[in-house]
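To start, the structure under review is shown below, and the notes come after it.
The values are calculated or read from the model by the stated rules, or taken from the named source; none is laboratory data. As the structure is a computational prediction, the values presented were derived from the model and not from experiment. Here the Cβ is made from the backbone with ideal geometry for all residues, glycine too, and neighbour counts use every protein chain on show. For accessibility, only protein heavy atoms count, side chains too; no ligands or nucleic acids. Shrake-Rupley method; radii C 1.70, N 1.55, O 1.52, S 1.80 Å.
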Amino acid sequence: MADIDEALRQNREAVEEFLSTAAGSAAHWSTPRAPTKWSPSQVTEHVSRALEQSGYAIAGKPTVFPVFPVFLRPVMRSLFFNRMVKTGRFPKGAKTNGPMDPESGPATPDAGRRRLQHALTTLEQAARACSAPDQRIETTTFGRVSLTDYLVFQAHHTRHHRPQLKVPE
């Protein structure tokens, strides 16, 4: 298990990798890569919302994440969260919930950079404000998880979406 500093470093690296790829997406920034798929702008907004909302979850604030019944959270944690933390792979064809499905996103790659960096700052500040490095947080989807695993999950999520910034060849 990573510690908080390592998990935050992973998030910063994932965001920088994402932004590096996004910078090359200016020519097709607002164009979906295929019918029913997101544009690079929308992908950037989705990842920004995920980081920002995760910061809110860590801080104990309300989020727009799905609220699963308490008895299903251990199942979600076991079947999805723990696997994704361990492997870095997300289930193929998984869909997001409505509030995380952006109709649009930042107008330009530069605006996307600012939006994503602000969201990362929200996540980092919330994580740093936690009182103990082995802190567990309560999520509405997965139940109680370690803060470091939750941060690693977010880094994997950012990396999962990076290929969606590129135009298919």
Just to verify a result, which residue in the stretch 120-143, among those that are of a type in the set (D, E, K, R) and either outside any helix (DSSP H, G or I) or modelled with pLDDT of 95 or more (or both), is surrounded by the most Cβ atoms within 10 Å (Cβ to Cβ)? Glu124
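Would it be correct to say that Glu6 is open to solvent by 70 Å² or more (accessible area, probe 1.4 Å), out of contact with any Leu (no Cβ under 7 Å at 6 or more places or on another chain) and charged (D, E, K, R)?
Numbers: open to solvent by 70 Å² or more (accessible area, probe 1.4 Å): no; out of contact with any Leu (no Cβ under 7 Å at 6 or more places or on another chain): yes; charged (D, E, K, R): yes.
Answer is no for this residue.
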With the first residue restricted to the stretch 137-153 and required to be at positive phi, and the second required to be open to solvent by 10 Å² or more (accessible area, probe 1.4 Å), Cβ contacts under 9 Å at 6 or more apart or on different chains are Gly143/Phe68; Gly143/Val70; Gly143/Leu72; Gly143/Arg73; Gly143/Pro74; Gly143/Met76; Gly143/Arg77
Residue pairs qualifying under the 7 Å Cβ cut-off, at least six apart or on distinct chains, with the first in the stretch 100-119 being surrounded by 13 or more Cβ atoms within 10 Å (Cβ to Cβ) and the second being in a loop (DSSP other than H, G, I, E, B) and β-branched (Val, Ile, Thr), are Met100/Val64
Select from the stretch 78-99 the residues that are open to solvent by less than 60 Å² (accessible area, probe 1.4 Å) and either in contact with a Cys (Cβ under 6 Å, 6 or more places away or on another chain) or modelled with pLDDT of 90 or more (or both) and write down the one among them that is nearest to Leu19 (Cα to Cα). Gly88
Return the residues of the stretch 97-136 that are more than 18 Å from Trp38 (Cα to Cα) and aliphatic (A, V, I, L, M); say none if nothing qualifies. Ala119, Leu120, Leu123, Ala126, Ala127, Ala129, Ala132
